[in-house]
Amino acid sequence: MTTQFARQAPAVLPGPNDPCWCGSGSKYKKCHRGADAVEARKKGPETQRRGVRPGIVSPRRSVPAHIRRPDYAETGRPTRSPTLPDVQSAEVIERMRRAGKAAAKVLEITGAAVRPGITTDELDVIAHEAYIQLGGYPSTLNYHGYPKSLCTSVNEVICHGIPDSRALEDGDIVNLDITIFLEGVHGDCSATFFVGKVDPESERLVRVTRECLELGIAAVKPGRPISDIGRAIEQHAAKNGMSVVRAYCGHGIGERFHTSLQIPHYYEADANTIMKPGMTFTVEPMINLGHWQHRSWDDGWTAVTADGSRSAQFEHTLVVTEQGAEILTVT
Ligand code: MF3
Ligand code: CO
Ligand code: CO
């Protein structure tokens, strides 16, 4: 009578000195351990990972010579500058109105192309051409070495997803984050889009996240501390059983993409800078269905939820007025 040995390694492997899973009677370390390790390496972590997987990133796109570039466009490093004022002159704000409007236009054009089957790299082509058409430079391109003209963050990707060869699938959600450099200033905005038909929980996430942005903007009032914004956002997220990402904040913006001014989207008592008319900054809450903790991919950019739950985001650039806020990133 012949013995029937198992052919496939089980999901949970034996300890080194346990009998091998194959039924040979030998210790695992003397039998299949070596072969199993080789198989596992062949499959690699990518094939075992759940959720969004990195695709292939295409070569860097060029920007025509007539387009005005920010200081980091060639080197990847913004030049050090003295601490900039949070309040902008009327002249800078006037230019930011035009940059904001152009950013919103690029977002509208790129968002209209979202559908199942399109790759995020194809969305990068559409956005890249739209920036140039409007006379602007894609602010993210080579910003600290970032390789593309927008961020595309799918499902559990929180932010800074890099456009690549992955095709969007029916049921995905995708945030498109657009920043333009036009007339020497930046305009920064983002929105989360549905790809085909999405599940009700994702619909709820996206709706609540949009409401979080609206409530955050409604909390902008001269004379009040920056912390009012995060308090309003966090309250609404918590009420809906969702969490607020803590690692990434809104930021001062103007002649530079990111200034030292930070806008937390959760309540942070230390965010006690008083809002003043003429201050320009972004509000850009990232809201998760699960926990707030994040992990980073080894591309150095892509941030994903640690628990794999979906995350959504909306963003506007605004200026503080005598009454409240004026949104600059509108068409
Ligand atoms: N647009 C993002 C923001 O809202 C920043 C992207 S920077 C990049 O601040 F380098 F990741 F593109
Ligand atoms: Co942005
Ligand atoms: Co921003």
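For K148, the amide hydrogen comes within under 5 Å of the amide hydrogens of N142, counting only partners 5 or more places away or on other chains and with H modelled in the peptide plane. For the stretch 70-85, the Karplus equation 6.51 cos²θ - 1.76 cosθ + 1.60, evaluated at θ = phi - 60°, returns couplings of x, 4, 8, 4, 8, 8, x, 10, x, 5, 4, 9, x, 3, 8, x Hz by residue, with Gly and Pro reported as x. Each of C212, C151 was scored by other Cβ atoms within 10 Å of its Cβ. Listed from fewest to most, they are C151, C212.
Its Cα centre serving as origin, the chain has a Cβ charge dipole (Lys and Arg +1, Asp and Glu -1) of approximately 1040 debye. Taking amide H atoms as placed 1.01 Å from N in the peptide plane, the amide H of T119 lies under 5 Å from those of L168, each 5 or more residues away in sequence or on another chain. A cut-off of 5 Å between modelled amide H atoms, ignoring neighbours fewer than 5 places along the same chain, links H251 with I263, T282.
If you keep only loop residues by DSSP, which GluC sites (Glu not before Pro) in the stretch 152-195 have at most 14 other Cβ atoms within 10 Å of their Cβ? Passing both the DSSP loop test and the Cβ count: E169.
Backbone geometry of the stretch 127-133 corresponds, through the Karplus equation with coefficients 6.51, -1.76 and 1.60 at θ = phi - 60°, to 3J(HN,Hα) couplings of 5, 4, 5, 5, 4, 5, 3 Hz, x marking Gly and Pro.
Dividing the Cα radius of gyration of the stretch 88-327 by its Kirkwood radius returns 0.95 for Rg/Rh.
Spin-label model, V57 to I274: label points 7 Å out along the Cα-to-beta-carbon direction sit 4.4 nm apart.
The 3J(HN,Hα) values that the Karplus relation (6.51, -1.76, 1.60; θ = phi - 60°) gives for the stretch 17-25 are, in residue order, 9, 6, x, 5, 5, 7, x, 5, x Hz. Gly and Pro appear as x. Return, ordered by residue number, the residues of the stretch 246-286 whose backbone nitrogen is under 16 Å from a label point located 7 Å along Cα→Cβ of E322. Flagged as within label range: 276-279.
Coordinate-derived values only; no laboratory data. Treat the numbers as computed from the prediction; the structure is a model and nothing was measured. All Cβ positions, glycine included, derive from the backbone under ideal geometry; neighbour counts span all protein chains shown.
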